[in-house]
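Values in this text are rule-based calculations from the coordinates and carry no lab data. This structure is a prediction, so every number in the text was calculated from the model and none was measured. Backbone-built Cβ (ideal geometry, glycine too); neighbour counts: all protein chains shown.
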Amino acid sequence: MPDMPESTNRQIPRVTVVVVSYNTAALTQKCLDAVLKSTGVNLEILVADNCSTDRTLNQLRRKYGLRASKKRWQTWQETLHNADVIDTFPSVKVDVTAVSTVYAGEEAGHEIVLFPSDRNLGFGRANNLAAAGSAAEYVFFLNSDAFVQPSTIKNLVKQFRRRPSKSTSVLARMQSRLDNVGIIAAELRNEDKSLQRQGGSLPTNWNVFLWATFLDDIPGLDRLPAYQHHLHDMRRLHRRPLAKVGWVGGTAMMISRSCIDEIGGFDSEIFMYGEDVDLCWRATLRHWDVALSSKAKVTHLGSASAGHKASIHGEISGLLYMWQKHRSPLDEWILRRILTIGLILRTIIFGILRRYGQQRTYQEALELVRQ
């Protein structure tokens, strides 16, 4: 990977923060303002704009004094044509053509770079396009509707440095231990400071069946490893500084350079929803641990940057794609039957409740499964 400028103090870690924006001008500014208050880290803040049609670009450029930088653009272009970078982020070979101008500036001692795309690349590919030009020790993917505390990023780095990689991670008897941490997510909080659900166990036909049919909400069954964590799971995980989990959301996710160099970036075939599960799945297959930190907190507005219908359809499509990628044809056949049962059940329930908008969303999702 290319060299980046050294921090003036080697004790201060260099972290790349990647924020993807899409018609979220006010939220993105609030997100960046919070990041700029971070302490104990030297930041490179990269904003990948997915062809916003609101005033996001103009407002970001004006507020942070960002100017078109031919030198920064040329350096970024050269980096993205590096063979190692293309191997780690294959989608950038095509997506690099989407950015014709790079805007750069400095705020509060941290570098801010804006990459405006001429088309909507989706969440994963936009993250990849920005992150590919970084050689920082850690990359922190952050949603535009998520707001860090001053110590959040520093605390995530501390968690990595307290648990150096160990070769024992490949041993079956050591799989329950945190000894090769590659991905850590911050604890998410609602605006009222209550815990927000995120992450879960890596998906299987069994836990997806329990999730799709609401059976994992039944007392007793809700104590089994769930595809998506329940609130009681979050309260249990909160009691530990760092807890090993199957997957974490891409809302506020930090990944080490050594991990991302080995497993690559987000899968470019997933437009939005499921790319975080897939990333954690690939990390686990390479014996990297995925963890959730209660020492690093982020306020997350939830679905402020995306709609309910898009999230349901995206999640279903993501599961089907991951089964095609990681599972056998028989497993995929079983998954489609499981999702069919679950979606029919949901259309019946929301029809009885006269919530016809949600009923229609699940009916459309059912068509995705039957394709």
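Worth a mention:
- Sequentially through the stretch 237-247, phi angles give Karplus couplings (6.51, -1.76, 1.60; θ = phi - 60°) of 5, 4, 6, 10, x, 8, 10, 6, 9, x, 8 Hz, Gly and Pro residues having no value and appearing as x.
- Descending principal axes extents, the chain, alpha-carbon based, whole Å: 58, 48, 43
- Hits among lysines - C-alpha to C-alpha of LYS93 under 26 Å, sequence gap 8 or more where chains match: LYS70, LYS71, LYS325
- Here the relative contact order of the chain, from alpha carbon pairs under 8 Å that lie six or more residues apart, stands at 18 percent.
- Taking a sphere under 13 Å around the Cβ of ALA226 and counting the other residues whose Cβ falls inside, with K and R at +1 and D and E at -1, yields a net charge of -1.
- In a fully extended conformation the segment linking ASP192 and ARG370 would gain 60.1 nm over its present Cα-Cα distance, using 0.36 nm per residue.
- 5 angstrom amide H check on ILE112, placed H, neighbours 5+ away: ILE45, GLY105, GLU106, GLU107
- Centre-to-centre, using Cα atoms only, the stretch 86-115 and the stretch 307-371 are separated by 35 Å.
- For the stretch 183-204 and the stretch 136-164, distance of Cα centres in Å: 15 Å
- The stretch 310-370: Cα Rg divided by the 2.2 N^0.38 Å rule of thumb: 1.16
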